[in-house]
1. Pairing the Cα long axis of helix 2-31 with the longest principal axis of the chain, what angle in degrees results, from 0 to 90 and rounded to the nearest 10?
2. Rounded to the nearest 20 debye, what is the charge dipole size of the chain about its Cα centre when +1 sits on each Lys and Arg Cβ and -1 on each Asp and Glu Cβ?
3. I need to check one value: relative contact order of the chain, counting alpha carbon pairs closer than 8 Å and at least 6 residues apart, in percent.
4. Tell me what the chain gives for mean residue ellipticity at 222 nm when only DSSP H runs of n ≥ 4 count, each as -39,500 (n - 2.57), the sum divided by the residue total, rounded to 500 deg cm²/dmol.
5. What number, in nm² with one decimal, is the all-direction average of the projected area of the convex hull of the alpha-carbon atoms of the stretch 1-40?
6. Taking each pair of different alpha-carbon atoms in the chain once, compute 1/r for the pair, average those values, and report the inverse of that mean as the Kirkwood hydrodynamic radius in Å to one decimal.
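Here, each number is a calculation from the coordinates, and none is a lab measurement. Only a predicted model underlies this, so the values are computations on that prediction, with no experimental measurement involved. In this analysis, Cβ positions are derived from the backbone assuming ideal geometry, glycine residues included, and neighbour counts consider all displayed protein chains.
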Amino acid sequence: MMAEWGNLGKVLIGVGLCVVLVGLLLLIADRVPGIGNLLGWFGKLPGDISIRRDNFSFSFPLATSLLLSVILSLVFYLITWIFRR
């Protein structure tokens, strides 16, 4: 039972480090010319719902969410495939 908790702890630390890395990359992207434009598509794909009125705005990035879900599923599948070997 103790080994299972140790493995879960390692996975959570790995996920936390990945989140910190992505956060740092997003912060750096605003400061480096040209990189900020690479993320300009985020939330503006065909299929993303965006409603803007005078005093109201609503955004639901449906297509972006689906794309990120597929990408993250592939990444996690590859990670589990590597650890199973």
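1. 30 degrees
2. On the way: 7 positive and 4 negative charges, 29 e Å.
In total the dipole reaches around 140 debye.
3. Working: 36 pairs, mean separation 12.8, N = 85.
Dividing the mean separation by the residue count of the chain yields 15 percent.
4. That calculation yields -22000 deg cm²/dmol at 222 nm.
5. Details: hull surface 12.0 nm².
Mean projected area of the Cα convex hull: 3.0 nm².
6. Values: mean 1/r = 0.0623 Å⁻¹.
For the chain, the Kirkwood estimate is 16.1 Å.
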